[in-house]
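Quick notes on the structure that follows.
The values are calculated or read from the model by the stated rules, or taken from the named source; none is laboratory data. Because the structure is a prediction, the values reported are computed rather than measured. Note that each Cβ is placed from the backbone with ideal geometry, even for glycine, and that neighbours are counted across all protein chains shown.
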Amino acid sequence: MKDVYVEYKEKLVTADEAASFIKSGDKIFYGEFVMFPEALDEALAKRIPLLKNIDVRGVCFSKIPKIVEADPKREHVIVNDWHFGKISRRLHDANMCNYIPLCYHQGPRTIRKYRDFDTAFVVVAEMDHNGYFNYGLANSLTSAVLNKAKKVIVEDNKTVPYCYGGNRESIHISRVDFIVEGNNTPVTEVPPAEPKEEDRRIAAHIMKEIEDGACLQLGIGGLPNLIGQMIADSDLKDLGVHTEMLVDSFVDLYNAGRITGRYKSVDHLKMAYTFAMGTKKLYNFLDRNPTCASYPVNYINDPRIIAFNNKVVAINNAIEVDLYGQVCSESVGIGHKSGTGGQLDFILGAFMSKGGKGIIALSSTYKDENGQLRSRIVPSVEPGSIVTIPRSIVQYVATEYGVVQLKGQSTWERAEALISIAHPDFQEELIREANRMKIWAERH
């Protein structure tokens with residue numbers, strides 16, 4: 001085999017040279033989450049006015065792409081995202097980004113069956129002595145894309161932690177077409193959101209549902225991070241981790257001795273995940289840490305794989321839940337906020353797990369743009385809202401007023417249960433609406 005360092009020099013190009021390979025009509029992959037191809041994006045932005053029909057797809061952009069700023073009228077490039085964060089929401093509201101509906105664990109298979117890419121821009125950790133570039137903090141769709149891409153261009157960033165994997169966490173230089181040495185900008189940090197008072201009350205209810213030996217999945221947001229902190233301060237023991245997203249609170253759990261993975265059936269003793277977002281505390285923890293194992297999302301989020309572990313507790317946020325039990329986590333009416341992500345995957349997997357609990361958590365109320373208090377438990381979903389989890393799949397729902405279990409419950413039993421954890425100020429109104437909708441039956 002050719003010496004990997006000789007091959008590295010042969011394939012090394014500038015970002016501008018790499019961008020010059022892009023031609024009109026190309027389909028480009030732009031990486032995932034905080035692994036944003038900054039140098040390649042800046043170089044391509046210079047050429048965007050010369051190109052037409054460029055299709056760019058990424059997963060939850062962590063920075064506003066320069067190619068968008070270079071094409072404010074959207075005449076040259078169409079940007080698409082598999083999962084919306086605040087950047088994509090902002091772009092979407094300006095009509096500059098589209099969402100790609102996705103059942104997350106099916107992402108790699110969807111790409112293999114239906115998507116082609118001319119070029120992949122992928123941020124990687126510094127090449128190791130065996131010639132491997134590590135995908136770092138995001139491994140969900142990347143390997144599937146690189147198997148389909150006609151041209152693979154990696155952007156070497158020496159600040160990216162080297163994250164050990166279960167499989168497909170790296171690419172060998174022999175499969176790489178060109179290498180760009182990036183700006184080595186430190187990886188974007190995403191500090192945990194500050195929890196609200198109602199989050200603390202919700203978390204207190206959820207803590208009662210977690211047992212010793214449970215296997216945890218925590219979603220994004222202030223509430224899941226708060227629950228992680230509360231578990232760290234508890235006397236729970238021998239917890240496992242099988243989660244879509246690895247966040248800072250898992251580091252606290254591990255350091256507090258709560259996580260051992262002793263009772264995990266798959267990835268025994270390992271903290272298994274598909275991407276990570278947090279602060280430098282998390283990134284330093286992950287760097288060459290054999291406790292952690294990065295996998296593509298078709299493994300981590302496959303409900304069948306999730307269910308191999310017992311006592312899976314999956315905790316995810318929602319925007320609203322209606323009296324039928326339908327969960328909306330992606331939009332408010334036609335106002336797009338997020339994406340399906342792995343919520344559906346983990347609610348399914350947790351239910352299939354022996355002793356498992358899939359929990360949807362949300363505050364009972366919010367204030368609208370006029371400052372008026374509104375209920376998140378609603379009679380029926382707002383027109384245009386996206387149902388992330390159908391009523392037939394929902395298991396547990398939690399608010400600051402308690403936790404209810406909906407599996408096996410009739411429509412009136414569901415309505416009664418959900419009204420019991422709605423804010424008291426809205427319960428009478430919800431009862432009236434349930435009667436009007438003929439899903440409520442008074443018991444005498």
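Of note:
- Scope segment 403-444; condition part of a helix (DSSP H, G or I) and under 25 Å from the mean Cα position of the chain (by Cα); matching residues: none
- Subset tally (residues that are among the hydroxyl-bearing types (Ser, Thr, Tyr) and either in contact with an Asp or Glu (Cβ under 6 Å, 6 or more places away or on another chain) or under 21 Å from Tyr273 (Cα atoms) (or both)) for segment 188-243: 2
- Residues that are among the small types (Gly, Ala, Ser) and closer than 18 Å to Asn301 by Cα, drawn from segment 229-260: Gly240
- Some residue of segment 15-30 being of a type in the set (Ser, Thr, Tyr) and either touching a Ser or Thr at 6+ places or on another chain (Cβ under 6 Å) or not in a loop (DSSP other than H, G, I, E, B) (or both): yes
- Conditions (1) surrounded by fewer than 18 Cβ atoms within 10 Å (Cβ to Cβ); (2) touching a Leu at 6+ places or on another chain (Cβ under 6 Å): number failed by Tyr273: (1)
- Within segment 205-261, the set of residues being part of a helix (DSSP H, G or I), within 18 Å of the chain's Cα centre (by Cα) and farther than 17 Å from Phe285 by Cβ comprises Gly222, Leu223, Pro224, Leu226, Ile227.
- Residues that are out of contact with any strand residue (DSSP E or B) (no Cβ under 7 Å at 6 or more places or on another chain) and on the phi > 0 side of the Ramachandran plot occur in segment 326-334; there is at least one.
- Just one of the listed residues (Gly384, Gly356) is touching a residue at least 40 places away in the same chain (Cβ under 8 Å), within 26 Å of the chain's Cα centre (by Cα) and farther than 22 Å from His336 by Cα, and it is Gly356.
- Within segment 262-285, the set of residues being part of a loop (DSSP other than H, G, I, E, B) and in contact with a helix residue (DSSP H, G or I) (Cβ under 8 Å, 6 or more places away or on another chain) comprises Ser265, Val266, Thr274, Gly278, Thr279.
- Filter result for Phe121 (farther than 15 Å from Phe61 by Cα and assigned by TED's automatic domain parsing to the domain that holds Ile54): no
- Selection of segment 158-199 for residues being more than 19 Å from the chain's Cα centre (by Cα), at pLDDT below 95 and not in a loop (DSSP other than H, G, I, E, B) yields Glu197, Glu198, Asp199.
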